[in-house]
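Every number in this text was worked out from the coordinates using simple rules, so none of it is lab data. Keep in mind that what you see is a predicted model, and the values were worked out from it rather than measured. Cβ placement follows ideal geometry from the backbone for every residue including glycine, while neighbour counts extend to all protein chains displayed.
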């Protein structure tokens, strides 16, 4: 039991010291990160790195032209064009569906009109047939 107790006390002390050390290190890191000198140095370095990266990218593009290899920019342009094409196709599909609906509506209206006209024509044909076969011609009087 005594050994266990001393181990627990040792762990507590170690934990306190570790927590204290961690806090001190965090404080030093924060001060260092917030220092004006570090910010200016990082800014200069990042500008230089950006210039070098741009030069490297231009060299890679020249090399890719020679080897006829697509660049990252080429792939990005193709992807962008594909998205635009898909949007245009979707738009055309919507237009076609709308046209199809309109054609169906017109056919429906036309078929109803055709039925009415067909009935009127049948009635006219029937009247003509009756009058043609009638012994009474138009213009003559009934007895």
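At 0.36 nm per residue, minus the direct Cα-Cα distance, what do residue 5 and residue 43 gain on full extension? Give it in nm, one decimal, please.
8.3 nm
Taking only Cα atoms, what is the 0 to 90° angle, nearest 10, from helix 72-133's long axis to the longest principal axis of the chain?
20 degrees
How many nm is it between the label spots at residue 125 and residue 64, if each spot is 7 Å from the Cα in line with the beta carbon?
That separation, rounded to one decimal, is 7.3 nm.
Any chance you could give the angle, 0 to 90 degrees and rounded to 10, that helix 2-33 forms with the longest Cα principal axis of the chain?
For helix 2-33, the angle is close to 70 degrees.
Please list the equivalent ellipsoid semi-axes of the chain, computed as the square roots of five times the alpha-carbon gyration tensor eigenvalues, in descending order and whole angstrom.
96, 34, 15
Determine one quarter of the surface area of the Cα convex hull of region 49-88, which equals its mean projected area, and express it in nm² to one decimal.
Mean projected area for region 49-88: 3.4 nm², to one decimal.
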